[in-house]
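Heads up, the thing below is written out as structure tokens.
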Amino acid sequence: MDVKCRKIGRCLVVTLSGEMDHHSASAARRQIDGAFHAEGAQHIIFDCHPLAFMDSAGLGLVMGRYRTAASLGGKVALACVSRQLDRIFTMAGIYRIVQKAPSVEAAVQLLEGGHA
Amino acid sequence: MHATQNLSDFIEATFSSRSENEALARVIVSAFAARLDPTLEELDDVRTAVSEAVTNAIVHGYRGGLGQVHMRCELQQRTLTIAVEDEGVGIADVEQAMQPLYTSRPEEERSGMGFTMMQAFMDKLSVESKPGCGTKVVMCKSFRVPQDDATNPEPDSSGQTGGHEEP
């Protein structure tokens, strides 16, 4: 699995590609947390477009990043969620704490609100 | 050569409890299930369920230590049965372990949704476990019969399609 991070406004955009499981989640977690603090970001957006597979380890990762962002008053959004991912996120009730957006740009809008 | 006597279609794999093998287990079950001409959704379902079961064996059964994970996939008509077994620490209270959001290792940021996902994505799930002896997870899923060609349906002989004048 491959993780790429970039910053748009106050959002850290994390692009996940490949397969997210327990094996790949720990390295992804370190990389995302490192970038989040290094970039001084407030919110986290997961761009799930190139993510081919995810199991409950991905849920743990998203829930953990929600806690990290929330502790700094930030929020988390999920962009470009496939059908398989949507079923998993819905089952876990994750949309009660994170928002879903059709694109990264829409997610940035959602999290930054009017004051970009 | 031995004659094959009533052998069902199956594959068995035994692998070490290294986390890299979670992906390997998914590849094995995907390749085995391919002969059913599954939908993408069906394939995602079994891949996810296997990933959860094998991860449980590695993370909980062996607590990250080394051991063996056994996986058996068996096909009867269009029903796929998958058994994942370890000889690890076992689960004292299976019912509690199967509750959504339950995790025995909260420090590892696990979601506690593993059994819930296996239940949701497969038709049947059973868990046998004994502390100190290991855990066996057996799950089944029936695959849909592929439609011939949805864009060119067979002429309907029941007379409901209209166009046929005969009684």
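The values are calculated or read from the model by the stated rules, or taken from the named source; none is laboratory data. A quick note: this is a predicted structure, and the numbers were derived from the prediction, not measured. Ideal geometry is used to build each Cβ from the backbone, glycine not excepted, and the neighbour counts take in all protein chains shown.
At a glance:
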| read-out | value |
| --- | --- |
| Any chance B:MET139 is within 13 Å of chain A (Cβ to nearest Cβ) and touching a Ser or Thr at 6+ places or on another chain (Cβ under 8 Å) | no |
| Qualifying residue in the range A:54-63 (condition: in contact with a helix residue (DSSP H, G or I) (Cβ under 6 Å, 6 or more places away or on another chain) and farther than 22 Å from B:GLU22 by Cβ) | no |
| Pick from the range B:55-74, criterion within 14 Å of another protein chain (Cβ to nearest Cβ) and either in a strand (DSSP E or B) or among the basic types (Lys, Arg) (or both), ranking: surrounded by the most Cβ atoms within 10 Å (Cβ to Cβ) | B:VAL69 |
| The range A:7-23, residues that are under 15 Å from the mean Cα position of the chain (by Cα) and of a type in the set (Gly, Ala, Ser) | A:SER17, A:GLY18 |
| Failed criterion for B:GLN77 (all others in (1) polar (S, T, N, Q); (2) modelled with pLDDT under 90; (3) on the phi > 0 side of the Ramachandran plot hold) | (2) |
| The listed residue being in a strand (DSSP E or B), of a type outside the set (Val, Ile, Thr) and within 28 Å of B:LEU40 (Cβ to Cβ), out of A:GLU19, A:GLU105 | A:GLU19 |
| Filtered residues of the range A:19-41 (kept if surrounded by 16 or more Cβ atoms within 10 Å (Cβ to Cβ) and either more than 14 Å from every other protein chain (Cβ to nearest Cβ) or among the small types (Gly, Ala, Ser) (or both)) | A:SER24, A:ALA25, A:ALA28, A:ALA35, A:PHE36, A:ALA41 |
| Residues that are facing another protein chain (nearest Cβ under 10 Å) and either more than 17 Å from A:THR90 (Cβ to Cβ) or without any contact (Cβ under 8 Å) to a residue 12 or more places away in the chain (or both), drawn from the range B:90-104 | B:THR103 |
| Residue identified as in contact with a His (Cβ under 6 Å, 6 or more places away or on another chain) and not basic (Lys, Arg) among A:CYS11, A:CYS48, A:CYS5 | A:CYS11 |
| Residue match in the range B:87-98 (condition: modelled with pLDDT of 95 or more, among the β-branched types (Val, Ile, Thr) and part of a strand (DSSP E or B)) | no |
| B:VAL46 vs. criteria modelled with pLDDT under 95 and either buried (at least 16 other Cβ atoms within 10 Å of the Cβ) or closer than 21 Å to A:GLY93 by Cβ (or both) | no |
| Scope the range A:84-106; condition without any contact (Cβ under 8 Å) to a residue 60 or more places away in the chain, more than 17 Å from B:GLN119 (Cα to Cα) and β-branched (Val, Ile, Thr); matching residues | A:ILE94, A:ILE97, A:VAL98 |
| Residues of the range B:36-54 that turn out to be hydroxyl-bearing (Ser, Thr, Tyr) and not in a helix (DSSP H, G or I), as a count | 1 |
| Answer residue from the range B:5-52, given it is β-branched (Val, Ile, Thr) and within 30 Å of B:LEU66 (Cα to Cα) and is farthest from the other protein chains (Cβ to nearest Cβ) among those | B:ILE11 |
| Pair list, Cβ < 8 Å and 6+ apart or interchain, from the range A:44-63 residues that are facing another protein chain (nearest Cβ under 10 Å) and part of a loop (DSSP other than H, G, I, E, B) to residues that are buried (at least 22 other Cβ atoms within 10 Å of the Cβ) and of a type in the set (D, E, K, R) | A:ASP55/A:ASP21; A:ASP55/B:GLU52 |
| Of the criteria (1) farther than 25 Å from B:LEU101 by Cβ; (2) under 11 Å from the mean Cα position of the chain (by Cα); (3) touching a residue at least 40 places away in the same chain (Cβ under 8 Å), which one A:CYS80 fails | (3) |
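Yes/no matrix, rows are residues, columns are (1) closer than 25 Å to B:MET117 by Cα; (2) modelled with pLDDT under 95:
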site	(1), (2)
A:GLU39	no, no
A:CYS48	yes, no
A:LYS75	no, no
A:SER82	yes, no
A:GLU112	no, yes
A:ALA116	no, yes
